[in-house]
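Peer 1: Below you'll find the structure I mean.
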Amino acid sequence: MTAHGSIDVLLSPRMALVVDIFRALGDFEASYDVAVIDALEARLTRATDATTARAVVSDALLLGFALRNQRTDASWPHGDWEMNGIGARQASGHECATLTLIAACKEEDTVVAGRAARSLAVRLNPTVSSLARDMGGRLERAGLRIAVRDWAPLLAARTPTAAPEPDAPRSASARS
């Protein structure tokens, strides 16, 4: 925990490479400079083979564009999304939500996928779900395990929950 009560998440070096693709997407959209994407693919190739690295980058780009296309708010390209700089190992809340979305879609957990999409202000439609599921499978085949049990608690810790109304009945599990 930090002094502000938030949780810092440290990504593995290989997972940071994957998150870097989403981080770079904003720069790519601004300039359409494929050198940014090529450099990330080259870094990922050092952690896996060239074909797998190319496929991971391709899947991440497709998912990134779909996420931006399904925004439910007016920010563009990802206005209020908190994204750390390329190369950072610390994950932001929105980066954790993106990884949670991928893990949940891969495992077909629609409840967690919906929570992750809402925290990103993204409409969870069949295209986003399918692309996130494909991305999760691709990461697994590349040797990067991504599971809901790892990411969903981080999403819950970073998403404030509404307190019950004073007169609202509490669930049996919440009673002492």
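The values are calculated or read from the model by the stated rules, or taken from the named source; none is laboratory data. Values in this document were obtained by computation on a predicted structure and should not be read as measured data. Don't worry about glycine lacking a Cβ; one is built from the backbone with ideal geometry, like all the others, and counts go over all protein chains shown. Just the protein is used for accessible areas: all its heavy atoms, side chains included, with ligands, DNA and RNA removed. Shrake-Rupley method; radii C 1.70, N 1.55, O 1.52, S 1.80 Å.
Peer 1: Taking the range 23-54 only, how many residues are at pLDDT 85 or above and under 16 Å from Arg68 (Cβ atoms)?
Peer 2: The number of residues fulfilling the criteria is 1.
Peer 1: I'm checking my understanding of the structure. Among residues of the range 145-176 that are open to solvent by 100 Å² or more (accessible area, probe 1.4 Å) and modelled with pLDDT of 85 or more, which one is nearest to Ala16 (Cα to Cα)?
Peer 2: This residue is Arg145.
Peer 1: Moving on. Answer with yes or no whether Glu82 is in contact with a helix residue (DSSP H, G or I) (Cβ under 7 Å, 6 or more places away or on another chain), among the acidic types (Asp, Glu) and modelled with pLDDT under 90.
Peer 2: When the stated conditions are applied, Glu82 passes them.
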